[in-house]
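The values are calculated or read from the model by the stated rules, or taken from the named source; none is laboratory data. In this text the structure is predicted, and so the values were computed from the model without any measurement. Note that we place each Cβ from the backbone using ideal geometry, even for glycine, and neighbour counts take in every protein chain shown.
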Amino acid sequence: MRCPFCQNEDTQVKDSRPTEDGAAIRRRRQCDKCGSRFTTFERVQLRDLVVLKRSGRRVPFDRDKLARSLSIALRKRPIEQDQIEQMISGIVRKLESQGESEVNSETIGEMVMEALAVLDPVAYVRYASVYRDFREASDFADFIEEAGRPKGKS
């Protein structure tokens, strides 16, 4: 594993342990050259997923991009990093177990919305504001009113 600080290719694993949800192995590494320490995660990947964007483009699924968008929505919220990792792992497992190697970006967005609705209502609205492309304050009010309404009622 290449050192992210000095790009040296010789690093040593100092500690390995499973993550809390057991979906990955967390490894603490140290660079032989500069002495820096860093963490890597090893996960099982069932299949290579491709995301079909609204524009029609196809791009490889990027777990880190999902994590970044969630960290923005969850910024300054009282949510532990382990809870976020479990949510991401759950979404990825659902996507991989669907049996399709190609998934619509809308499907991913809806899975994230469902998970955030349960985890944190503020992050849910934050994510929705970007995902649903809110343009003005009334969009927030309409969304919050709709979210509070029981399913199937208008």
Of the residues ALA128, ALA123, which is at pLDDT below 90, surrounded by 15 or more Cβ atoms within 10 Å (Cβ to Cβ), assigned to a helix (DSSP H, G or I) and not assigned by TED's automatic domain parsing to the domain that holds ALA24?
ALA128
Across the stretch 39-95, what is the total count of residues that are polar (S, T, N, Q) and over 14 Å from the mean Cα position of the chain (by Cα)?
4
Enumerate the pairs (first residue in the stretch 68-85 and surrounded by fewer than 16 Cβ atoms within 10 Å (Cβ to Cβ); second residue anywhere and part of a loop (DSSP other than H, G, I, E, B)) with beta-carbon separation below 6 Å, excluding pairs fewer than 6 apart on the same chain, so at least 6 apart or on different chains.
ARG77/ASP120; ASP82/GLU20
